[in-house]
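Presented below is the structure to which this report refers.
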Amino acid sequence: MLFALAALLLPLLGFTLMIFFGKKLPKQGDWLETAMITAALLCAIIVLAQKLLNYPHETLALNFTWVDFNTVPGIGPLKIVLGFSIDNLAAIMLVVVTLISTLVHYFSVGYMHGDVRYSRYFAYLGLFSFSMLIIVLANNLFLLYVGWELVGICSYLLIGHWYEKKSASNAGIKAFVVNRIGDFGFLVGILLIYATFHTFGLQEIFDGIKAGQLPNGSEWWLTAAGVLIFCGAVGKSAQFPLHVWLPDAMEGPTPVSALIHAATMVAAGVYLVARTFPLMTADALMVIAYIGAITAFISATIAIAQNDIKKVLAYSTISQLGYMVMGLGVGAYTAGFFHLVTHAMFKAGLFLGSGSVIHAMHQALHHQGDHHTDAQDIRNMGGLREKMPITFWTFVVYTLAISGVPLTSGFLSKDEILAGTLAFGGLTGHALIPVIGFLVAGMTAFYMFRIVILAFMGEHKDARRFEHVRESPRVMTVPLIILAVLSFFIFYSFNPFSAASGWIAHAVERPESVVPAHMAAASRGLFEDTLHHTHLTAMLLSLLVAGCGILIAFMTYHWKRVNADMIAEKYKGLHSFLLHKWYFDELYNGVVVGGTLAVTNAMRWFDNTIIDGIVNAMGGITRVTSFVSGKFDNVVIDGAVNMTAYLSGFLGLVLRKLQTGKVQTYIVFAVFSVMIFYFVFRLV
């Protein structure tokens, strides 16, 4: 556990030092953060080796009480216990995250050389790695959610690294906002779980469900909780319909794309589903399976029509993430996680390889003085294998792996997922999912070899520019070689045609569901028995569809037997539909963004017209009443007061004449008054 905590905290230490002292350090401190993540990788390797050799079936945990308010009226027990744990799943993921992050750090030294915010870039890489490792090691939903949100913040900072570009700043904002939608569902699911079990601990939650404790005492609410938690994965792992942020994230530096799209941020959603798999009901897994299948299909069709090398890889990532989610949804738990591991290697390599190509193209364009040609458009490339042999051959290895060609790691993991879909279809009757799985496998082979042919083979489009193309420096090519080596089968299974005999399959087995038996998917034994009988069929079909995809790519773009431009013109509507990414962005801009703006405009009109009108009317009435009140006060009230004053003065003036101060006069007035009273009363 000590080495695991060291692996967690070292990137955070590097981030802290880089933020405060990065610009003052030699080479702006790139060596410091790189050394920290390298040390974290070494600690992760030690953790994995110790875990598999000494504690293969145990879970090592470190828990501590964060807050304890005892029993709160109306809420119940309020005690939050946080902690970290290491099981085989976490130990493997720990190595995957730190390995990819380390290679990205080294690659960035060459790729980002001379960047205006060089030290800050490396600092954010460290914080990103720390955040992802929190997700990996957390054994409770609370701490997992903290890491989840930290990853979102870091992705915003890294995607928008070149925020001077409006497209980059918009991409960062888009990623942040879209992920908040999925994260809100995740948060609601966490609160629903906590309201039932009064704990965030995953093992305690599993034990509670196994004992028959369900949210609101309802099986439906347990399914809802599982789907809500999965909403977090829909956002982070770019699943339909929240997949639109990931292609725009290509505006960030290419090493960031490798980090986000390989083993870190987008893999977090898949890891979340794997971590919470035991509480998923059959209905929740069905939703997960179909979301994964739809995502894989939509993104694969879009990738076929894209010309930006990073955009093609972005949609390829979405498609492969859909594969992983689909694998977990159909019950192929080990295969889904296995594909996460293998995909991390060859997809990180693909992005770093594309970065090597883009770096070389930028250098050539800069030397030529051409600032208008798009360095990422594969139609502007060609013939690069002569100038960039290391990049070319490593890129070919990655492409073979993602296409599912034998002797590669991708063949092992994709084959297992496809076998799982066949088993799922046989057990449930949902045949659409395996059909989509095999169809997407063929499309993947096609669009990936399309990149290889257009970018590396044939003749370059500009001979003068081609003269200035050079292979990337060693600090960039060595990570490519390492990832290419790790894309072969031997590191995962000694049998090139069976992942089941490999160490990952033995280390990470599908957990039994803890939900009530009548709500659970097929038991592990039944599913694995069916999977065993479908393995050979799935392998042959996967080889067939991958071979067809590769053959069609060569016939279209290398041998020119098929005219791609003519097909695009003939089916112009379909091509435009795919080129514009199924018009999801336009749909969301029109409905979501436009709808939000319409509501805000309506609210502004209501405020300006109705509310301000009422306020202005009340102000007018107040002005009128104040005018009338002022006139009444000035004329009537002040007139009455003044008249009283005048009358008092007049009476005083008259009476003052009677006050002479002479006794004789007062005697005369008294006698005169008595005489008057005498005559008055006499007459009466």
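The values are calculated or read from the model by the stated rules, or taken from the named source; none is laboratory data. Note that the coordinates shown come from a computational prediction; the quantities given were computed from them, not determined experimentally. Quick reminder, even Gly has a Cβ in these numbers, built from the backbone with ideal geometry, and neighbours come from all protein chains shown. The area values use the complete protein model at the heavy-atom level, side chains included, leaving out ligands, DNA and RNA. Shrake-Rupley method; radii C 1.70, N 1.55, O 1.52, S 1.80 Å.
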Handout entry: Protection-proxy order for peptides 177-189, 275-287, each taking the mean of Cβ atoms within 10 Å per residue, highest first
Key = 275-287, 177-189
Handout entry: Cleavage-rule hits, trypsin sites (Lys or Arg not before Pro), segment 504-604, DSSP coil, Cβ neighbours within 10 Å at most 15
Key = Lys560, Arg561
Practice task
With +1 on each Lys and Arg Cβ and -1 on each Asp and Glu Cβ, and nothing else charged, work out how big the dipole of segment 359-473 is about its Cα centre, in Debye to the nearest 20.
Solution key: 60
Exercise for the section: For the chain, build the charge dipole from Cβ charges (+1 Lys, Arg; -1 Asp, Glu) around the Cα centre, then report which of Thr34, Met280, Ile46 sits farthest towards its positive end. Expected result: Thr34
Fill in the blank from the handout: Taking a ≥ b ≥ c as the square roots of the eigenvalues of the Cα gyration tensor, with a/c under 1.5 meaning rounded and otherwise prolate when a/b exceeds b/c and oblate if not, segment 245-323 is oblate
Practice task
Just need the relative contact order of the chain here, percent rounded to a whole number, with Cα pairs under 8 Å and 6+ apart.
Solution key: 12
Practice task
Order these peptides, 127-139, 582-594, by their mean beta-carbon neighbour count within 10 angstrom, highest first.
Solution key: 127-139, 582-594
Problem - Under Karplus coefficients 6.51, -1.76 and 1.60, residue-wise ³J(HN,Hα) of segment 197-213 in Hz, glycine/proline x - result: 9, 6, 7, 9, x, 5, 5, 5, 5, 4, 5, x, 5, 4, 7, x, 8
Fill in the blank from the handout: In order over segment 544-561: 3J(HN,Hα) from phi, Karplus 6.51/-1.76/1.60, θ = phi - 60°, whole Hz, x for each Gly or Pro, gives 5, 5, 5, x, 5, x, 5, 4, 5, 4, 5, 5, 7, 10, 10, 8, 6, 6
Practice task
For every other residue with a beta carbon closer than 12 angstrom to the beta carbon of Glu528, add +1 if it is Lys or Arg and -1 if Asp or Glu, then tell me the sum.
Solution key: -2
Problem - Relative contact order (percent, whole number), segment 137-237, Cα cutoff 8 Å, 6+ residue spacing - result: 31
Handout entry: Helix 333-368 axis, angle to the chain major axis (alpha carbon atoms, nearest 10°)
Key = 90
Completion exercise
Of 624-634, 543-553, ordering from highest average Cβ density within 10 Å down gives 543-553, 624-634
Exercise for the section: Would you give the gap between the C-alpha center of segment 417-472 and the C-alpha center of segment 554-606, rounded to a whole Å? Expected result: 21
Handout entry: Low-density loop cleavage sites - GluC sites (Glu not before Pro) in segment 407-479, where at most 11 other Cβ are within 10 Å (DSSP)
Key = Glu459
Fill in the blank from the handout: With a 1.4 angstrom probe the carbon and sulfur portion of accessible area for segment 269-421, in percent, totals 58
Problem - Accessible area per residue, Å², segment 11-158 with all protein chains present, probe 1.4 Å - result: 41
Handout entry: trypsin sites (Lys or Arg not before Pro) restricted to segment 445-492 and DSSP loop, no more than 13 other C-beta within 10 Å
Key = Arg470
Fill in the blank from the handout: The helix 309-329 Cα axis meets the longest alpha-carbon principal axis of the chain at an angle in degrees, between 0 and 90 and rounded to 10, of 90
Exercise for the section: Could you tell me which label, among (1) -0.86, -1.08, -1.67; (2) -0.88, -1.01, -1.26; (3) -0.79, -0.95, -1.31, carries the value of log10 I(q)/I(0) by the Debye sum over Cα atoms at q = 0.09, 0.10, 0.12 Å⁻¹ calculated for this structure? Expected result: (3)
Practice task
Work out the charge dipole of the chain with +1 on the Cβ of Lys and Arg and -1 on the Cβ of Asp and Glu about the Cα centre, then indicate which of Thr71, Leu543, Leu647 is farthest towards its positive end.
Solution key: Leu647
Exercise for the section: Give the angle, between 0 and 90 degrees and rounded to the nearest 10, that separates the Cα long axis of helix 663-683 from the longest principal axis of the Cα atoms of the chain. Expected result: 90
Exercise for the section: Work out from phi, with θ = phi - 60° and the Karplus expression 6.51 cos²θ - 1.76 cosθ + 1.60, the ³J(HN,Hα) of each residue of segment 154-161, listed in order in whole Hz, and give x for Gly and Pro. Expected result: 5, 5, 4, 5, 7, 5, x, 4
Completion exercise
For segment 299-385 the mean separation of alpha carbon contacts under 8 Å (6+ apart) over residue count, i.e. relative contact order in percent, is 29
Practice task
At 1.4 Å probe size, with every protein chain present, just tell me what the per residue accessible area of segment 542-648 comes to in Å².
Solution key: 75
Exercise for the section: Report in % the part of the accessible area of segment 431-541 that belongs to carbon and sulfur, leaving out ligands and nucleic acids; probe 1.4 Å. Expected result: 68
